[in-house]
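The values are calculated or read from the model by the stated rules, or taken from the named source; none is laboratory data. Because the structure is a prediction, the values reported are computed rather than measured. Please note: Cβ atoms are built from the backbone with ideal geometry, for glycine as well, and neighbour counts cover all protein chains shown.
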Amino acid sequence: MNILVTGGAGFIGSHTLIELYKAGHTALVVDNLYNSKEEALTRVAGILDIDHIPFVKADIRDREALEKVFSTNTFDACIHFAGLKAVGESVAKPLEYYENNMNGTFVLLDVMRRHNCKNIIFSSSATVYGDPAIIPITEDCPKGQCTNPYGQTKSMLEQVMIDLQKADTEWNVVLLRYFNPIGAHPSGRIGENPNGIPNNLMPYITQVAVGKRESLGVFGNDYPTHDGTGVRDYIHVVDLATAHVAALQAIERKQGLAVYNIGTGHGYSVLDVVNTFMKVNNLTIPYQIKPRRAGDIATCYCNPAKAEKELGWKAQYGLEEMCRDSWNWQRNNPNGY
Ligand code: NAD
Ligand code: UD1
């Protein structure tokens with residue numbers, strides 16, 4: 001298939017491009033490089049040993065630019081990663097987040113249907129479950145109250161695409177609810193490249209390891225979990241990437257609407273991650289216990305059985321590989337791209 005990959009220069013998009021090409025697909029990336037570098041695409045091409053990845057630097061809110069892309073290319077499907085994703089920033093800048101994520105997706109969906117490309121895989125998030133009603137979380141767990149505008153955009157955009165598919169059943173919509181992606185390509189050539197102080201756990205740990213930050217703050221040790229720290233379902237980004245390739249099957253089968261949890265099904269605490277990182281990489285990560293972070297929940301991990309049953313997809317990597325590959329990327333690229 002030929003796939004339009006919005007946001008393809010980003011963390012998850014760049015890894016997904018590799019798995020798409022490895023599976024025999026081709027892709028064109030549209031990205032405005034707001035949170036990424038073109039160098040990521042150069043490295044993806046290097047890993048794949050191909051000349052280049054077709055790339056158009058454009059904002060998906062720019063209708064004219066998208067029209068041009070669709071007039072000069074034929075796509076079988078779109079994998080839609082483009083969006084803003086920093087939770088804290090979304091609380092401070094709600095209008096920017098709603099505008100970019102909602103409006104960008106509206107323009108994209110409209111241009112897609114005008115060009116009769118009605119197949120989309122959307123990057124959703126476990127955040128749509130809020131404080132989950134059931135653990136492990138299955139797809140029929142009711143959606144919950146999101147505590148921030150970023151999460152609201154994911155939840156609302158899911159609903160937009162559900163309604164669109166209901167109104168026009170030619171659409172095939174796959175909503176992938178990612179749990180906590182970490183790790184990097186085993187080559188160490190591409191990985192997560194956050195701007196400023198990282199919000200998420202693994203990039204903070206790797207920046208401590210590389211000497212950019214002094215010590216990790218562990219946000220709360222009084223949760224009802226095995227060691228008191230928050231428990232999450234960390235998933236290797238390469239496994240997440242292959243989930244997108246598998247999700248194309250739901251489109252090929254014309255499944256209509258499909259929703260999948262994409263996680264490993266294992267919950268690890270903050271201290272489990274820190275200890276595994278130290279053991280696997282033979283490093284010491286100084287940390288201090290800090291108060292709980294506003295909006296955090298105690299435990300979040302999924303039951304990924306539906307994706308295995310319907311897509312034949314299952315995570316292959318464990319926490320040790322995630323810690324090894326995150327460090328391999330950071331060590332080789334202390335300042336990112
Ligand atoms: P990322 O920021 O690395 O990648 C997103 C890309 O989209 C960036 O390259 C950015 O420049 C681009 N972009 C943003 N707005 C755009 C616009 N208007 N037009 C064109 N390009 C635009 O993020 P990521 O971690 O790769 O996440 C990809 C998707 O997955 C996002 O939608 C994110 O919300 C979602 N997601 C991520 C996580 C995570 O932990 N990383 C978890 C759940 C869901
Ligand atoms: C966060 C977002 C979520 C988003 C996801 C992936 C919030 C409330 N949720 O999830 O919407 O989909 O990232 O981008 O921000 N931790 C520390 N110290 C740190 C950083 C994190 O102890 O410096 C802890 C957190 O309290 C949590 C765990 O590590 O228990 C994971 O945190 P993080 O990586 O930010 O992911 P989530 O909070 O699960």
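Select from the stretch 218-236 the residues that are outside any loop (DSSP other than H, G, I, E, B) and touching a Pro at 6+ places or on another chain (Cβ under 9 Å) and write down the one among them that is farthest from ligand 2 (Cβ to nearest atom).
Within the stretch 218-236, the subset outside any loop (DSSP other than H, G, I, E, B) is 218-219, 231-232, 234-236.
Now narrow it down to the ones that are touching a Pro at 6+ places or on another chain (Cβ under 9 Å): 219, 234-236.
On the way: 219: 4, 234: 8, 235: 11, 236: 14 Å.
Selected residue: 236.
Here is a check on your reading of the model: is residue 239 surrounded by fewer than 17 Cβ atoms within 10 Å (Cβ to Cβ) and on the phi < 0 side of the Ramachandran plot?
Numbers: surrounded by fewer than 17 Cβ atoms within 10 Å (Cβ to Cβ): no; on the phi < 0 side of the Ramachandran plot: yes.
Criteria not met by residue 239.
Only one of these is within 26 Å of residue 14 (Cα to Cα) and within 16 Å of ligand 2 (Cβ to nearest atom): 112, 156. Name it.
Numbers: 112 fails: within 16 Å of ligand 2 (Cβ to nearest atom).
Among 112, 156, only 156 is within 26 Å of residue 14 (Cα to Cα) and within 16 Å of ligand 2 (Cβ to nearest atom).
In the stretch 119-158, how many are within 22 Å of residue 84 (Cα to Cα), within 16 Å of ligand 1 (Cβ to nearest atom) and not aromatic (Phe, Trp, Tyr)?
Total meeting the criteria: 23.
Show the residue pairs meeting these rules: Cβ distance below 9 Å; 6+ apart or different chains; first residue within the stretch 1-26 and within 16 Å of ligand 2 (Cβ to nearest atom); second residue at pLDDT below 95 and not in a helix (DSSP H, G or I).
From residues that are within 16 Å of ligand 2 (Cβ to nearest atom), the pairs are 10/193; 11/193; 11/194.
In the stretch 203-211, is there at least one residue being within 10 Å of ligand 1 (Cβ to nearest atom) and touching a Ser or Thr at 6+ places or on another chain (Cβ under 7 Å)?
no
Quick check: is even one residue across the stretch 201-211 among the hydrophobic types (A, V, I, L, M, F, W, C), buried (at least 22 other Cβ atoms within 10 Å of the Cβ) and assigned to a strand (DSSP E or B)?
no
Limited to the stretch 220-257, what total is found for residues that are away from ligand 1 (no atom under 16 Å from the Cβ) and of a type in the set (Phe, Trp, Tyr)?
The total comes to 1.
Kindly evaluate residue 178 against the criterion of being within 30 Å of residue 120 (Cα to Cα), at pLDDT 95 or above and either β-branched (Val, Ile, Thr) or within 16 Å of ligand 1 (Cβ to nearest atom) (or both).
Working: within 30 Å of residue 120 (Cα to Cα): yes; at pLDDT 95 or above: yes; either β-branched (Val, Ile, Thr) or within 16 Å of ligand 1 (Cβ to nearest atom) (or both): yes.
So residue 178 fits the description; yes.
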